[in-house]
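First the structure, in the form of structure tokens, and then the observations on it.
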Amino acid sequence: MNTKQFTYASARVRALETKLLNLPEVERILGASSAKDAYKILNDLDYSTHIGDINNISDFQVVVDAGLEDTKTLIAQICPDSKILDLLFISFDFHNIKTILKGSLNGNDRDSIESQLLSFGMIPKETILSFMLDEDKPLLSIPTEYIQIILAGIERAKKSYKAQNNDPRLIDLILDQTQMELLAQIAESTRNKFISDFVKAFIDLSNIKAFIRVKMLKQEAYFEEMNENILFAEGGVLKPSHFLSKMDADTATLINMFRGTNYSSVVSHGIEAFEKHKSFVYLEKYANDYLLGLAKKSKFIPFGPEALIAYFFAKQNNAQIIRMIMVGKLNHIEQDLLRERLNTLYV
């Protein structure tokens, strides 16, 4: 990959990084006395372009999505390599595929399924809906090899779903696994160390989160009975065998399993937080913060695809922070409790 072709794109997003959420802005929103006041504060921030689009505060997600849509449009315009776009946006295609598959298997009507689709993917949501539901299937705007991998994942998910009494979790797990392995393939094809390291960490953390959930919820027997690995994806530093061989380990020894790896702190803090709060919210936070730390390393690279990847990850991080605060305000969650759950900021 020729990194020099990213000179303009890198400079453009570096300038935009100055508009990302900062700590004083987050504290202003957190300090608002109500969801209505928090919403007013958003008017002063980078999302103000879309604030006026809605009247109901509970529809704030429309504003957040519109901000991400703007970012996607910009990156698609300035990015000189389609592989980077695939890495950034194909996860949204998988979200739509899972939504359509679960909705159709559950007998939901087409309109209700379409209302849950996201518009950030590489494939227009109307196109992927038609591809999944109609006999006369449209062409997809992604490489043929991607389509083959996705179709294989869909068929595998359908088979496991039916074999396990229509358990919808299996659709999510198998298609998440398919997505991770496709991301690993795309990352490897870029021959870029930053991208490779970032995607490997993303896959490792996805596997770690799946493993800890299964162990803490004591669901090992359910997945072991399948005689098939549907939990852990290839492509990370930690191989699926690392997790599969430890499925019978006592939960008290889980932290020790990851000592000496890059993820020791994520695991130890995530497990401790679950034992205290009975929630995986903190595990998600620590995993996200680890990836954010990797993204920040892109600041030392003068030009290349790293800036685009880091910037979009930072924008998603901002969206998650705003979403968590607004949901917390709407549900009257205390400010201090909200603060400790928030992801670390990029800037």
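The values are calculated or read from the model by the stated rules, or taken from the named source; none is laboratory data. Since this is a predicted model, take the numbers as computed values, not measurements. Glycine gets a Cβ as well: all are built from the backbone with ideal geometry, and neighbour counts include every protein chain shown.
Quick one: count up the residues across the stretch 275-289 that are of a type in the set (A, V, I, L, M, F, W, C) and crowded, with 20+ Cβ neighbours inside 10 Å. Can you show your working first?
Of the residues in the stretch 275-289, the ones of a type in the set (A, V, I, L, M, F, W, C) are 280-281, 283, 287.
This time we only want the ones that are crowded, with 20+ Cβ neighbours inside 10 Å, so: 283, 287.
Matching residues across the stretch 275-289 total 2.
Taking S112 and the conditions (1) surrounded by fewer than 20 Cβ atoms within 10 Å (Cβ to Cβ); (2) in contact with an Asp or Glu (Cβ under 6 Å, 6 or more places away or on another chain), which numbered condition does it fall short on, given that it satisfies the others?
(2)
If the Cβ limit is 6 Å and pairs must be 6+ apart or interchain, which residue in the stretch 150-164 that is within 18 Å of S91 (Cα to Cα) pairs with which residue that is among the hydroxyl-bearing types (S, T, Y)?
G153/T178
Got a sec? Which of I271, I230 is buried (at least 17 other Cβ atoms within 10 Å of the Cβ), touching a residue at least 40 places away in the same chain (Cβ under 8 Å) and within 21 Å of Y161 (Cα to Cα)?
I230
If a residue has to be closer than 21 Å to F243 by Cα, hydrophobic (A, V, I, L, M, F, W, C) and within 18 Å of the chain's Cα centre (by Cα) to count, how many in the stretch 267-292 make the cut?
Here the count works out to 4.
Which residues, taken from the stretch 220-242, are of a type in the set (D, E, K, R), at pLDDT 90 or above and more than 14 Å from I208 (Cβ to Cβ)?
Of everything in the stretch 220-242, those that are of a type in the set (D, E, K, R), at pLDDT 90 or above and more than 14 Å from I208 (Cβ to Cβ) turn out to be E220, E234.
Are there helices (runs of 4 or more DSSP H) fully within the stretch 1-113 with at least 2 residues that are in contact with a His (Cβ under 6 Å, 6 or more places away or on another chain)? List them.
It comes to 60-78.
With V266, V347, V327 as the choices, which residue is of a type in the set (A, V, I, L, M), part of a loop (DSSP other than H, G, I, E, B) and either under 27 Å from E69 (Cβ atoms) or at pLDDT 95 or above (or both)?
V347
Can you find a residue in the stretch 293-310 that is within 19 Å of the chain's Cα centre (by Cα) and β-branched (V, I, T)?
Within the stretch 293-310 (the criterion being within 19 Å of the chain's Cα centre (by Cα) and β-branched (V, I, T)), the answer is yes, since at least one residue qualifies.
Among A249, A273, which is part of a loop (DSSP other than H, G, I, E, B), in contact with a helix residue (DSSP H, G or I) (Cβ under 8 Å, 6 or more places away or on another chain) and over 30 Å from P305 (Cα atoms)? Before you say what the answer is, go through the steps one by one.
Numbers: A273 fails: part of a loop (DSSP other than H, G, I, E, B).
Of the residues listed, the single one that is part of a loop (DSSP other than H, G, I, E, B), in contact with a helix residue (DSSP H, G or I) (Cβ under 8 Å, 6 or more places away or on another chain) and over 30 Å from P305 (Cα atoms) is A249.
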